[in-house]
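Visitor: Got a structure here, written out as structure tokens. Questions coming.
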Amino acid sequence: MKYLIDTHIIIWSLTDPKKISAGVRKVLVDERNDIFFSPISLWEISIKFSLGKLDLGGLEPQVILEKLSSSFIECHPPSPHTSASIHQLSRVHNDPFDRLLVWSCIQDDITMISSDKQLGGYGEHGLKIQLNE
């Protein structure tokens, strides 16, 4: 299966892995799965870090990219079509970063890994989600 990890899962995997549930860890280490991150998450991390709204446990945002790039997690950018068609997604969630991650998962048939239960409201739009609980 294909999975895209939400921004907070990326951060926790590097700063506080205990926050990642046993179920999600099992998905992440299963070699049959393709695990992706989105550059949208890196953008979100960098913006929130620069505004002082995000503690990365002493890491700089670019170090997160370095760590992801040297891991088994692959980059999956949203396509131009996904970026241009996101207006079709209803506003279950108002965070623009989350909305683009969700729409990318829906468009590319990827299961999202997140702790954000509010994202479950996108199930009617086709979002498949693996909750970190």
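Readers should treat all values here as calculations from the given coordinates under stated rules, not as data from a laboratory. Remember, predicted model here, so these are calculated numbers, not experimental data. For neighbour counting, all protein chains shown are included, and Cβ atoms are generated from backbone atoms with ideal geometry for every residue, glycine included.
Visitor: Report the extension gain between Ser83 and Leu51 in nm, rounded to one decimal, defined as 0.36 nm multiplied by the number of residues separating them, less their alpha carbon distance.
Guide: Computed gain between Ser83 and Leu51 is 9.1 nm.
Visitor: In the structure displayed, which of Lys67/Lys128; Lys26/Lys48; Lys18/Lys128; Lys26/Lys128; Lys67/Lys117; Lys2/Lys53 lie more than 21 Å apart, Cα to Cα?
Guide: Lys67/Lys128; Lys26/Lys48; Lys18/Lys128; Lys67/Lys117; Lys2/Lys53
Visitor: Oh, and also: Would the range 66-121 count as rounded, prolate or oblate if I go by the C-alpha gyration tensor, calling it rounded below 1.5 in a/c and otherwise prolate when a/b exceeds b/c, oblate otherwise?
Guide: oblate
Visitor: Please quote Rg/Rh for the range 12-93 to two decimal places, taking the Kirkwood radius as Rh and restricting both calculations to Cα atoms.
Guide: Rg divided by Rh gives 1.00.
Visitor: Under 14 Å from the 7 Å Cα→Cβ point of Leu59, by amide nitrogen: which residues of the range 18-43?
Guide: Zone members listed by number: 18-20, 37-38, 41-43.
Visitor: While we're looking at this one, here's another question. Take the chain, mark every one of the trypsin sites (Lys or Arg not before Pro) that falls in a DSSP loop and has at most 10 other Cβ within 10 Å, then report the longest stretch left between them, sites excluded.
Guide: 92-133
Visitor: If contacts are Cα pairs under 8 angstrom and at least 6 residues apart, what is the relative contact order of the chain in percent?
Guide: 32 percent
Visitor: To the nearest 0.05, what FRET efficiency results for Arg32 and Leu131 with a Förster distance of 22 Å applied to their C-beta separation?
Guide: Step by step, r from the Cβ atoms, then E = 0.65.
Visitor: Tell me the label-point distance for the pair Ser115, Met1, using the 7 Å Cα-to-Cβ offset, in nm and rounded to one decimal.
Guide: Taking the two extended label points, one gets 2.0 nm.
Visitor: Quick one: which residues, 5 or more positions from Gln130 or on another chain, have an amide H under 5 Å from its amide H? H modelled 1.01 Å from N in the peptide plane, none for Pro or chain starts.
Guide: Counting only residues 5 or more places away or on other chains, the set is Met112, Ile113, Ser114.
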